[in-house]
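The values are calculated or read from the model by the stated rules, or taken from the named source; none is laboratory data. Note that the structure is a prediction, hence the values are computed from the model and not measured. Here the Cβ is made from the backbone with ideal geometry for all residues, glycine too, and neighbour counts use every protein chain on show.
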Amino acid sequence: MGISAGRHPKAARDVGGTLLAATRLDRWAVTAIALEIFLGIGAIGGGLALMAGPHGEVLPLPVSALDGSPLSDYFLPGAILFTILGTGPLGAAILAWRRPVAPMLTVAMGGALLVWLVVQIAIIGYSNDPPLQAGYFVLGVVLTAVGVKWVRALPLETASQPHRTTHR
């Protein structure tokens, strides 16, 4: 039996109108959401800036840093930054409230950030002025670690849940 809709007029409902159980987020979820929002906003801003000025018009990045790479300007890196490291973490943060896959998305976003930085440093080199690469590397490690902790904190299947076996 479900909860009466009339007794909970402001409660969240799914597409079919079924009342959803209130979800209390644990500390790993809250931390992951905060880090993902921080990463997403920064990556959207950086991605838009690179796409708007792919030759260094918005961000003072020399196109000569791309010499020897398959890139002629910063538009594609900006699009990747915007799409994967911008909208990806924001989507993962939104899903944290209602989807069990959210902890794995947090691990994936941390890993994606680390891969992005490794590729970036391999192509244009390391820069400590300003120390954005180092700061985002730390963010990637922390985000990945929070995701792993969150996955480990999830409850295991309990004996009360049905276990299905196939007999042939």
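Which of the helices (runs of 4 or more DSSP H) found entirely inside the stretch 69-139 contain at least 2 residues meeting this: over 9 Å from the mean Cα position of the chain (by Cα) and more than 25 Å from TRP28 (Cα to Cα)?
Numbers: elements: 75-82, 88-95, 102-124.
In the stretch 69-139, 75-82, 102-124 are the helices (runs of 4 or more DSSP H) which contain 2 or more residues that are over 9 Å from the mean Cα position of the chain (by Cα) and more than 25 Å from TRP28 (Cα to Cα).
Given the options ILE44, ILE37, name the one that is within 22 Å of ASP129 (Cα to Cα) and either at pLDDT 95 or above or part of a loop (DSSP other than H, G, I, E, B) (or both). Let's see the steps before the verdict.
Working: ILE37 fails: within 22 Å of ASP129 (Cα to Cα).
That would be ILE44, the only listed residue that is within 22 Å of ASP129 (Cα to Cα) and either at pLDDT 95 or above or part of a loop (DSSP other than H, G, I, E, B) (or both).
Scanning for something of a type in the set (A, V, I, L, M), within 23 Å of ILE121 (Cβ to Cβ) and at pLDDT 90 or above, does the stretch 91-102 turn up at least one residue?
no
Give just the number: which of (1) among the hydroxyl-bearing types (Ser, Thr, Tyr); (2) closer than 11 Å to LEU39 by Cβ; (3) surrounded by fewer than 19 Cβ atoms within 10 Å (Cβ to Cβ) does THR106 not satisfy?
THR106 satisfies every listed condition except (3).
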